[in-house]
């Protein structure tokens, strides 16, 4: 704790020693980061550029995200001229706006021109009209058309995720014709993994992996070497479903088609992986009752904004549970052991409910909880709930008997435990299912609903039974 | 609930109607699944084969995973002759053993021979010596050597994840020479995205994307068109770090090197994506106190085995919190309002602690909480904790004053709230940091530690203050 008082630089030296033994091979070296800090402090632009020059755009973006307040502004003053399309597309949304303010217009225009259409869409989709128009004006006509086409699809759809830069070939071409075309073509995407075969109306009818193309004789028809895994994706598909398909079918890239089954773009696996990562993150943060945009780099204000509303909801449910306790005030006054034991019943219910809930939310997210097995799973959870209840009824019955020397009290807590764990299991599975059915995210707020149920049921069952049996 | 009583088939018809409106385009159609069920029941092998023939191996594996008990056995009786390497490598570990029992030896041998070396490693790494030897015997010499080389690396390392099937070219080759080599080569991996350049001692020195190779003139030297993103991965790197690198640097494939920097294999992005998916899943399940192998398809026994131990731990911590309450029994007997209000203090602390904890665990997993920013984050959490505490001290103070008409009681709950939310924030960040430092998984058991702290501190602060001030 004493360390908190020290000035920043000593802190960092101390931390660097602590971090050294398990230095991570995939993170920039600690010394390099220290040198970068020094260059920022010394306002030494040349040194900063030299240090950052060999780094990957994603790591530079991380450095910008981790800097705070004046440090970040100083950094941007020095470095904004060097920020290119790659770095810009790697920067988190939360930080991006501040970065854009520092970018000279011509640097921004140049950066945007370098970006693939999907990255431009990602950059401008949350901007207001005026800002958007400014960026679109920097693009050449065909790129602008591609970006606007993408923006016409709903948010979080495949259409927003795709890039319009696609390599296609007519279905009747041979390997030789295709290679000649690729060699002659001046413009090609930086990364592509398949050639998509299209008919004259631009319907995709198959794709050829570059490995097959390279290893086949020039005379081979493309049609003969298409992949089995060909799965066009609708531009209206949800991005979460797209990520699922990539993971399920080990896709590297997939063509995207519009409502008339015409090819409009391609989604590559790195974008699908990023979506999967975000969706996981959202699930985990929502389950914990934290705003899904929370990041470790948030400011105090932002952190409060993300967390206070959820704590407020929790306060309301906690007060609700207290109201149940208040009903039995007279009973508690007579048997104060009830006050000692009652949190145990509620806590066990909350934990068991959260267990079921988490498994259910994940199963829904991974599409392994479907119409076909939902009743089997509900039945299983109910059985598990009752069996858990029986097990802990016995354990807590014995504990209560030894502690307070009362057979009736032991019986009351045992029965309350069975009731609450059974209800916890049902709440844990039925609440996310109901939210999913209603079109809401099952991860969002489920936890609060479930623990409200288990608190209320737990206190009511335990104190109610005690009032009936023990008084 | 009434539905639970119905026989299975009616259930499914009812569910299929419910599921229809939002039929998922990436899941096999409901009618197809019903037809498959019918074919299994009728023991109609030809029909079953005809239905499954067009399906992707991953979907067939999912069908096997979702069948239960006798249904699964019947399915395997009918279908085991058709199970190939692709299907086998898609089946979850939990179910795989049962499937292997049904496979005729010659079908298993054939399946294993078709598999890439990384899938064979995944299949046999948890087997005992005798089973392993049986499978290895089915492989030809070079494949067996590759699998054994992989198994020599630690579990969860890049060495276990890599496939040894690599396409390499000497560093001095031209595009034309490489294409001629690929066309002449009889054996090539089914999917490959780069040609890895190696020196005479098999050190990888760069790689060429197939797209660049295809679009360059035959005379171009491979050295001139290598990718910037080249990052060899140590065979000893942890698989979680490998997944991080793929996501961070948008890698499609990456060469793996041994301790002498010699090329030993390649990892492709689909494997990295699968690892990321698993690690997320583990984090989310561990945070909820559910065994990290939990799946929605588990049996009742397996589910109990995954959850009972965690509930037992929770019971112990709940009893610990109760012991704190028991210390203040006399106080509660005099002021029963304390029993009504005390769960609110504990619950708010538990929630606030879990919020901080979840953000911290995710930040550690995504490498955004590092030596460089750890003290800044701890300070921020402490400030947020105190501010949250102040906010809810005011709210609960007012609630308690109105409810129980006592200024002192209002002051006591307010102060207890500040103390508990500040401690909750510190516990939420320091406990996962300590676990990480100690080499443990910060997601594992952190939740229990944190809520134990917040329960104990919450009850102690509130009831202790009440005893001192109100009596």
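Derivation of every value follows stated rules applied to the coordinates shown; laboratory data play no part. Every value quoted in this text rests on a predicted model; they were computed, and no experiment measured them. Positions of Cβ are generated from backbone atoms using ideal geometry, with glycine treated the same way; all protein chains shown enter the neighbour counts.
Kirkwood Rh, chain B, all Cα pairs: how many Å? Display every interim value, and only then the final one.
Numbers: mean 1/r = 0.0369 Å⁻¹.
So the Kirkwood estimate lands at 27.1 Å.
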- For region B:26-114, what's the relative contact order in percent, using C-alpha pairs closer than 8 Å and at least 6 residues apart? 28 percent
- Using 1/(1 + (r/R0)^6) with R0 = 60 angstrom and r between the beta carbons of residue B:434 and residue A:218, what's the FRET efficiency to the nearest 0.05? 0.45
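Across all directions of projection, what mean area in square nanometres is found for the Cα convex hull of region A:300-470?
Details: hull surface 45.7 nm².
That works out to 11.4 nm², a quarter of the Cα hull's surface.
Using Cβ counts within 10 Å as a stand-in for footprinting exposure, how do A:143, A:455 rank, fewest first?
Values: A:143 19, A:455 27.
In increasing order of surrounding Cβ atoms, one gets A:143, A:455.
Can you tell me what share of the DSSP beta bridges in the protein assembly as shown is antiparallel? A percent to the nearest 5 is fine.
Bridges in the protein assembly as shown are about 70 percent antiparallel.
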- Message: Below 8 Å, C-alpha to C-alpha, sequence gap of six or more: please give me the relative contact order for chain B in percent.
- Response: 10 percent
- For chain B, find the longest principal axis of its Cα atoms and tell me its angle to the long axis of helix B:105-114, 0 to 90°, nearest 10. 90 degrees
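With 10 angstrom as the radius, rank A:40, A:398 by how many other C-beta atoms surround their C-beta, starting from the fewest. Mind dumping the intermediate values first?
Working: A:40 24, A:398 12.
Sorted ascending by nearby Cβ count, the order is A:398, A:40.
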- May I ask you to report, in nm to one decimal and beginning with the shortest, the distances from residue A:170 to the same position in the other copies, taking label points 7 Å along Cα-to-Cβ? 4.1
- Item | Ascending list, in nanometres, of distances separating the residue B:70 label from those of the other copies (7 Å, Cα toward Cβ) | 7.7
- Express in whole angstrom the spacing between the alpha-carbon centres of region A:317-376 and region A:403-457. 3 Å
- Measure of size requested: the Rg and Dmax of the protein assembly as shown, with Cα atoms as the atom set and Å as the unit; please supply both. 30.1, 96
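At 222 nm, what helix-only mean residue ellipticity would chain A give, in deg cm²/dmol to the nearest 500, using -39500 (n - 2.57) for each DSSP H run of four or more? Could you put the intermediate results ahead of the total?
Details: 22 runs with 308 residues, N = 471.
Calculated at 222 nm, the ellipticity per residue is -21000 deg cm²/dmol.
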- Task: Sort shortest first the distances from residue A:440 to its counterpart in every other copy, using label points 7 Å along the Cα-to-beta-carbon line, and give them in nm.
- Result: 3.5
- Query: Hey, with R₀ at 25 Å, roughly what FRET efficiency would residue A:53 and residue A:98 work out to, going by the Cβ-Cβ distance, to 0.05?
  - Reply: 0.60
- Message: Give the separation of the Cα centroids, region A:36-107 to region A:157-194, in Å.
- Response: 33 Å
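Taking only the Cα atoms of region B:50-92, how large is their convex hull per residue, in Å³? Mind showing how you got there, number by number?
Working: hull volume 2.8 nm³, N = 43.
So the per-residue Cα hull volume is 66 Å³.
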- 10 °C / 1.306 mPa s Stokes-Einstein diffusion coefficient of region B:168-287, Kirkwood radius on C-alpha pairs, µm²/s: 103 µm²/s
- If one takes the longest principal axis of the Cα atoms in chain B, at what angle in degrees, from 0 to 90 and to the nearest 10, does the Cα axis of helix B:269-287 lie? 20 degrees
